[in-house]
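Okay, structure first, notes after.
The values are calculated or read from the model by the stated rules, or taken from the named source; none is laboratory data. Just so it is clear, the structure is predicted and the values come from calculations on it, not from any experiment. Ideal geometry is used to build each Cβ from the backbone, glycine not excepted, and the neighbour counts take in all protein chains shown. For the accessible areas, the whole protein counts, side chains as well, though only heavy atoms, and no ligand, DNA or RNA atoms are used. Shrake-Rupley method; radii C 1.70, N 1.55, O 1.52, S 1.80 Å.
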Number of protein chains: 2
Amino acid sequence: MAVLPSCVRKVISEFEKLPGVGPKSAARMAYFFLRAPSERSVELAKALVQMKKDIVVCKTCFNVSDKNPCDICSDSSRNKHKVCVVEELLDVVAIEASGVYDGLYFVLGGVISPADGIGPENLRMGQLRNRIISYFDSASDNSDTELLEIIIATNPSLEGEATSSYIIDMLSSINEIDHSKIKISRLAMGLPTGADLEYADRLTIKRAIEGRTNA
Amino acid sequence: MAVLPSCVRKVISEFEKLPGVGPKSAARMAYFFLRAPSERSVELAKALVQMKKDIVVCKTCFNVSDKNPCDICSDSSRNKHKVCVVEELLDVVAIEASGVYDGLYFVLGGVISPADGIGPENLRMGQLRNRIISYFDSASDNSDTELLEIIIATNPSLEGEATSSYIIDMLSSINEIDHSKIKISRLAMGLPTGADLEYADRLTIKRAIEGRTNA
C-alpha cells in the first residue's frame, strides 16, 4: 500500500480494525469514500461521533438506548414477568425482530470464555443477581408474587452453554428469593428453518431428536 | 432495528452504503464502535474528513495522491516508456504490490458498461489520447523517439475486454503519432497461481490453452 498517500492509508487502517474487515475490504471502503461526494465521509464521521455522545446504557437491562431506562424497560405494555438473558446488544435486536417476545431483557455483555480470559466476574452476573432479587423485593408485600420466567438465550456454543450453566447455578444460590416462583428456560435447540437434514451437523441432529415435540 | 436508538441506526445506515456491507455487517460495525473507546470513532471520523481534504488527483495519470504530479509520475527512476492503463485506483495498488512493474500508469476511471449506462465518454479516453500524443510531442525533436509500450490492464471481464478493444481502436486512429513507435500489450490470461484445473471455468482453461507458452 506504499503507493497510497498517508491520508488514505490512515482510513484503511481504521477500517481494518472493524470486525470481519480484512485489508482488501478496508481498501475498497476507503476507495468508496475517495470516489463518493464529501458528504458521505462527513455524514459517517458525524454519525459516529454523535452516536458516542448520545448513547446511554440502560441501568436496568444494560441495553444501549438514548435514555435510561430504555424504551423496552419503560414500556408498560411489556410483560415484566419474563426476563430474557442475552450475551450482546445485537441479540436483543435479533429477538425483537422476531416479533414473538413481549418480555424484558438483560444484556450480560459477553460469555464466559477462559480462552479469552473472560470469567463470570467480567460479565454482569452481580447485576443480574440484583435484578432478580429486586423483582422479588418490589413484590414482597404481595404474597401472590407472579412467577418470574428467566429465559437464558446465550448462543448454542460451548461458551454459551457454560455461561448458561453458570447462570443457573448462580440463580439457585440466591437465598433471598422464593425459588418456587422462578422458572428458568432455555431457547429450543434443533434444526434451523430451511435446513437440510443431510447437511446438518451431528450435534444439531442429536439436539433435534432429543428435543423432539409431539406432532 | 426499531429497538435501536436513532443515533445507532444512523451509523448502521451509513455503513450499509459501503460496498459489500449488508445490514448485518453494518450492525456489527456500529456495535463495534459502541463498545470501543470513543477514540476509535473519533479517529475514523477525523481520518475520513482529512482524507477528502488532503487528496489530490494526479493530472497526468489520474491516480490519487497528496500531490500533483503524484509520486509515481514524478519518480525519475521509473520507465517513462511504459504506460499501464487500468480501470481503477486499487488496480494501481495491486500492480505496485506485485513489485514487477517499473513504468507509469493511467487510470481510466471505470470500464465501458452499457448495462450501467457507462460509455467511453464517461471514461478518461480523451485524456488518455492526449497523454499519448504529448509523449510524442515532447520527444518530437528527437528522431530516435523510444518505443512507447501501452499495457492494457483492464479486468478480464466482458466490460474489460470491450474497453480494451475500444482503447486499441482509439489509439490506432490517432494521426498525430508514429504508430511504428507504439506497442500495445494486454496482461496474460490463464490459470491463476494455486488454481486447480478441475475447478477452473471453461473460459479460463480455453485462454490458458490458447496462450500456452514454450516450456
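Summary of values
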quantity: Summed side-chain charge close to B:Arg186 - residues other than B:Arg186 whose Cβ falls under 15 Å, Lys, Arg +1, Asp, Glu -1; calculated: -4
quantity: The protein assembly as shown, dipole about Cα centre (Lys/Arg Cβ +1, Asp/Glu Cβ -1), debye to the nearest 20; calculated: 440 debye
quantity: Gain upon complete extension [A:Ala36, A:Asp201; 0.36 nm per residue less C-alpha separation]; calculated: 55.0 nm
quantity: Amide H partners (placed H, <5 Å) of A:Ser74, local residues excluded; calculated: none
quantity: Per-residue HN-Hα couplings for region A:59-64 [Karplus 6.51, -1.76, 1.60; θ = phi - 60°; Hz; x = Gly/Pro]; calculated: 6, 8, 10, 6, 7, 8
quantity: Within 10 Å of each Cβ in A:51-57, the average number of Cβ atoms from other chains; calculated: 6
quantity: 7 Å along Cα→Cβ, label-point gaps from B:Arg212 to other copies, nm, shortest first; calculated: 5.8
quantity: Surrounding net charge for A:Met51, when Lys and Arg each add one and Asp and Glu each subtract one, Cβ distance under 13 Å; calculated: +3
quantity: Shielding by other protein chains, A:7-17, mean Cβ within 10 Å; calculated: 6
quantity: Computed Kirkwood radius, in angstrom, where 1/r is averaged over Cα pairs of region B:6-54; calculated: 11.4 Å
quantity: Beta carbon of chain B nearest to the axis of the rotation taking B to A, residue and angstrom distance; calculated: B:Ala45, 2
quantity: Within region A:1-143: Cβ-based charge dipole about Cα centre, in debye rounded to nearest 20 (Lys, Arg +1; Asp, Glu -1); calculated: 600 debye
quantity: Under-5 Å amide H pairs with B:Ile151, H placed in peptide plane, nonlocal only; calculated: B:Val83, B:Cys84, B:Val85, B:Ser185
quantity: Cα-Cα over 29 Å, subset of A:Lys59/B:Lys53; A:Lys10/A:Lys52; A:Lys183/A:Lys206; calculated: A:Lys59/B:Lys53
quantity: Nearest-first distances (nm) between copies at A:Pro114, label 7 Å from Cα via Cβ; calculated: 6.6
quantity: Average beta carbon contacts from partner chains per residue of A:61-74, 10 Å cutoff; calculated: 2
quantity: Sorted peptide list for A:176-183, B:85-92, criterion being average Cβ within 10 angstrom, highest first; calculated: B:85-92, A:176-183
quantity: Å² per residue, accessible surface of the protein assembly as shown at 1.4 Å; calculated: 55 Å²
quantity: Proximal charge balance of A:Pro23 [Cβ under 15 Å; K/R count +1, D/E count -1]; calculated: +2
quantity: Partnerless cysteines, meaning none of the other Cys C-beta atoms lie under 4.7 Å away, in the protein assembly as shown; calculated: A:Cys7, A:Cys61, A:Cys73, A:Cys84, B:Cys7, B:Cys61, B:Cys73, B:Cys84
quantity: Heavy-atom accessible surface of the protein assembly as shown: percent carbon and sulfur, 1.4 Å; calculated: 52 percent
quantity: Residues B:Phe136 and A:Asp102, FRET efficiency given R0 of 60 Å [Cβ-Cβ distance, rounded to 0.05]; calculated: 0.20
quantity: Per principal axis, descending, Cα span of the protein assembly as shown in whole Å; calculated: 106, 49, 39
quantity: Chains A and B together, accessible area buried on both sides, 1.4 angstrom probe, square angstrom; calculated: 4700 Å²
quantity: ³J(HN,Hα), Karplus 6.51/-1.76/1.60, whole Hz, each residue of region A:191-196, x for Gly, Pro; calculated: 7, x, 4, x, 6, 10
quantity: Packing rank of B:66-79, B:196-209, where each peptide gets the mean count of other beta carbons within 10 Å, highest leading; calculated: B:66-79, B:196-209
quantity: Magnitude of the charge dipole, region B:6-54, Cβ model with Lys/Arg +1 and Asp/Glu -1, debye to 20; calculated: 120 debye
quantity: For A:Val8, solvent-accessible area (1.4 Å; no DNA, RNA or ligand), Å²; calculated: 0 Å²
quantity: Computed [θ] at 222 nm, deg cm²/dmol, the protein assembly as shown (DSSP H ≥ 4; -39,500 (n - 2.57); rounded to nearest 500); calculated: -13000 deg cm²/dmol
quantity: Relative contact order (%) - criterion: Cα under 8 Å, at least six apart; region: chain A; calculated: 13 percent
quantity: Share, in percent, of DSSP beta bridges within region B:64-210 that are antiparallel, nearest 5; calculated: 5 percent
quantity: Whether region B:64-210 is rounded, prolate or oblate, judged on the alpha carbon gyration tensor where a/c under 1.5 counts as rounded; calculated: prolate
